[in-house]
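The values are calculated or read from the model by the stated rules, or taken from the named source; none is laboratory data. Because the structure is predicted, anything quoted here is derived from the model rather than measured. No Cβ is skipped: glycine too gets one built from the backbone with ideal geometry, and neighbour counts run over all protein chains shown. The area values use the complete protein model at the heavy-atom level, side chains included, leaving out ligands, DNA and RNA. Shrake-Rupley method; radii C 1.70, N 1.55, O 1.52, S 1.80 Å.
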Amino acid sequence: MRRKLIAIAALALGSPAAAQTEATRPDMAIPDCHFDRPATIIASLKEAPDIAAEFARQGLVVADVGEPFVPYDVVDGSKKLPHRQFIRAYAFADRTIAWYYHGGLGTHIHAFELRQQVDSEPGASEGPVLRMTGAQLSGPPCGATQALLDGVRGPNDW
């Protein structure tokens, strides 16, 4: 919170050089979670090219873990950095739930569900691909993940 206020004050006072315009990790602790079913942890988009491809298909530009991104609404126009950063995903037997940090004035973590589906788009591969289902929640990521596993849906599902 303090960094956000400093960035906002720096812009208001005409000193964008003092404002934080990029980061390589969220400014919040990312918890370790334990769920009621086994899961494999995916720690990077490099380990999950299907998730990275689904972000791109949805038009979302998302930095990988450790890559620079814009954590707040302060933007350095010379850099084309995303406002989102992948945090982690959990691959369960029947679905994958991934998290990304979304920067801005109301920074938060999105947890969203992906499932294997047969792709019907022209030129698609013949096997199943991982696709977002539209089920998503924001908030504490461990609780949001468990809620998605339990079938809870958010107000912004599509």
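Working note: Karplus 6.51/-1.76/1.60 with θ = phi - 60° gives the range 94-103 the couplings 10, 6, 10, 10, 10, 10, 9, 8, 10, x Hz, where Gly and Pro are set to x. When the chymotrypsin sites (Phe, Trp or Tyr not before Pro) in the range 28-135 are filtered for DSSP coil states and for at most 14 other beta-carbon atoms within 10 Å of their beta-carbon, the remaining sites are Phe35.
Each of Arg115 and Thr40 was given a label point 7 Å from its Cα along the Cα-to-Cβ line. The distance between the two points is 2.0 nm. In this calculation the C-beta distance from Asp94 to Asp32 is compared with R0 = 22 Å, giving a FRET efficiency of 0.50.
Taking label points 7 Å from Cα along the Cα-to-Cβ direction, Leu105 and Lys79 give a separation of 2.3 nm. Sort all Cα-Cα distances of the range 38-158 into consecutive 10 angstrom bins from zero, then give the percent of pairs in each bin up to the one containing the longest distance. Final binned percentages: 13, 44, 33, 10, 1.
Accessible-area rank, largest first, for Thr96, Thr40: Thr40, Thr96, with all protein chains present and a 1.4 angstrom probe.
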